[in-house]
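In what follows, a single structure is set out as structure tokens and then discussed.
Quick note: the coordinates plus some simple rules give every number you see, no bench work behind them. Here the structure is a predicted model, which means the values were calculated and not measured. With ideal geometry, Cβ positions are generated from the backbone for all residues, glycine too; neighbour counts draw on all protein chains shown.
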Amino acid sequence: MNKQFSNDDWDRLRGIAEELRRNDHGFWRDFKEKGIPALMGWLYYRGKCVYCGEELVRPGQLIGGATKTDHLLSISKSPNIGFSSHFNAVPACAGCNSIKAVWDRKRKPSDCPDGVLTQEIHDRLVAEARDVIKRERAEADAGFESERTNWMKALEQRDALENQPGVGTGA
Ligand SMILES: [Zn+2]
């Protein structure tokens, strides 16, 4: 669990984010569009997926959609917040982001009725989403052994195709 930041801490974090974005190339350039509050969200969670803890700032992760900045309150349900608040922008891996998107669609639009996202609402939503994502993964993994058995069998059949005598390579 992250230490709660005071308003002063958030102000300082904003300065750190502005300094980081000044490196006008690579991944952080992206935050020209997303904005400083989104980058503050990344810094607050130290660049780890807020839902599963995966380290996102590492080779192989920064392009191609592997990392996302998730709208904690989705754009469709809370279109006015977007990334204007650092409480609404969280780093997420593509997998968690997509499970969360399904959950977002099922929820009622009453998470933040007056449109002001506080630390308290933020913490509650993050905790709820973590639980949902963990549960979804556990359910999928519960069936994994039989999935693997089926997969191994299919691979054997596939490899048998290659080992058939007399089938040319097309050359
Ligand atoms: Zn994740």
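Helical content of the chain, expressed as a calculated mean residue ellipticity at 222 nm, amounts to -16000 deg cm²/dmol (DSSP H runs of 4 or more residues, -39,500 (n - 2.57) each, divided by residue number, nearest 500). Among residues other than residue 123 with Cβ under 14 Å from its Cβ, the summed charge is -1 (Lys and Arg +1, Asp and Glu -1).
What separates the Cα centres of the range 123-148 and the range 1-74 is a distance of 24 Å.
Could you tell me how many degrees, from 0 to 90 and to the nearest 10, lie between the Cα long axis of helix 119-142 and the main elongation axis, the longest principal axis, of the Cα atoms of the chain? Orientation of helix 119-142: about 10 degrees from the principal axis. Taking +1 at the Cβ of each Lys and Arg and -1 at the Cβ of each Asp and Glu, which of 125, 163, 62 sits farthest along the dipole of the chain towards its positive end, judged by Cα position relative to the Cα centre? Farthest towards the positive pole: 125.
Using Cβ counts within 10 Å as a stand-in for footprinting exposure, how do 116, 90 rank, fewest first? Show your work: numbers first, answer last.
Working: 116 10, 90 26.
By the 10 Å Cβ count, ascending, the order reads 116, 90.
Each peptide in 9-18, 50-59, 91-100 receives the mean, over its residues, of other Cβ atoms within 10 Å, and ordering these scores from highest gives 91-100, 50-59, 9-18. Among 22, 135, the order by Cβ neighbours within 10 angstrom, fewest to most, reads 22, 135. When Rg and the Kirkwood Rh are both derived from Cα coordinates, the Rg/Rh ratio for the range 7-160 amounts to 1.07. Summary value for the chain: 18 percent relative contact order, contacts being C-alpha pairs under 8 angstrom separated by 6+ residues. Between the Cα long axis of helix 144-162 and the first principal axis of the chain there is an angle of about 50°, rounded to the nearest 10. Rounded to the nearest 20 debye, the dipole size of the chain about its Cα centre is 220 debye, using +1 on the Cβ of Lys and Arg and -1 on the Cβ of Asp and Glu.
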